[in-house]
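Here is the structure we will look at, set down as structure tokens.
The values are calculated or read from the model by the stated rules, or taken from the named source; none is laboratory data. Note that the structure is predicted; figures quoted are calculated from it, not measured. Methodologically, a virtual Cβ is constructed for each residue, glycine included, from the backbone with ideal geometry; neighbour enumeration extends over all protein chains shown. Only protein heavy atoms, including side chains, enter the accessible area calculation; ligands, DNA and RNA are left aside. Shrake-Rupley method; radii C 1.70, N 1.55, O 1.52, S 1.80 Å.
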Amino acid sequence: MTDSKKARSPRKILIFVVAMLLLSGSLRLGSVGIAVASSPTDTEPSTGSGATLECVTDAETQELMALLRDRSDQVTEVEATQAQRQKDLARAEAELLENLNKLEIAEARLAATIQRVDGASSNDISRLTSVYESMKPKDAALLFEQMSPEFAAGFLAEMSPSAAAGILSGLSAEKAYAISVVLAGRNANAPKT
């Protein structure tokens with residue numbers, strides 16, 4: 001009998017293990033059924049550890065779409081404003097460059113005119129200086145006596161020293177002194193190297 005009890009023992013154990021597995025399986029299937037039956041509905045929020053799912057109604061969807069359209073319209077308007085500003089800036093820059101070119105051309109013309117006038121003025125002064133040098137010193141001194149000391153000093157500085165000396169000797173002492181002071185001080189403020 002001991003042999004038959006030993007043979008039954010593993011069999012009984014095997015039957016017991018199978019019964020336990022079946023019982024465990026049925027309990028699990030029962031808990032799944034309970035879980036499915038108690039799942040949250042569309043109006044109840046889920047309180048589990050996972051992410052919550054909410055149903056969105058058509059009215060909420062329409063409201064969201066309206067907000068997105070408004071935002072899109074605002075962005076489009078801002079982009080259009082920025083594009084117009086860029087066009088305005090480009091136009092202003094082109095006008096500025098055009099005006100700058102016109103200004104440079106006008107400046108070049110003015111410089112040429114000034115150079116021509118300075119040349120003509122210099123020629124006139126040289127010619128007048130030659131006339132005063134060729135005059136008799138007493139006659140030239142009568143003219144220089146009537147000139148302001150600064151004006152007379154400009155002519156005398158351009159003359160040869162002998163012609164300037166002849167004219168200065170024919171002037172009154174006060175006038176000759178005033179012209180000499182102007183001549184001596186002409187380069188007083190010039191930088192010294």
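Scan segment 91-105 for residues that are basic (K, R) and open to solvent by less than 90 Å² (accessible area, probe 1.4 Å) and jot them down.
Within segment 91-105, the subset basic (K, R) is 91, 102.
Those that are basic (K, R) and open to solvent by less than 90 Å² (accessible area, probe 1.4 Å): none in segment 91-105.
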Could you figure out which of (1) polar (S, T, N, Q); (2) in contact with a Pro (Cβ under 6 Å, 6 or more places away or on another chain); (3) at pLDDT 65 or above isn't true of Q74? (2)
Take the residues in segment 1-16 that are surrounded by 10 or more Cβ atoms within 10 Å (Cβ to Cβ) and β-branched (V, I, T), then tell me which one is modelled with the highest pLDDT. I15
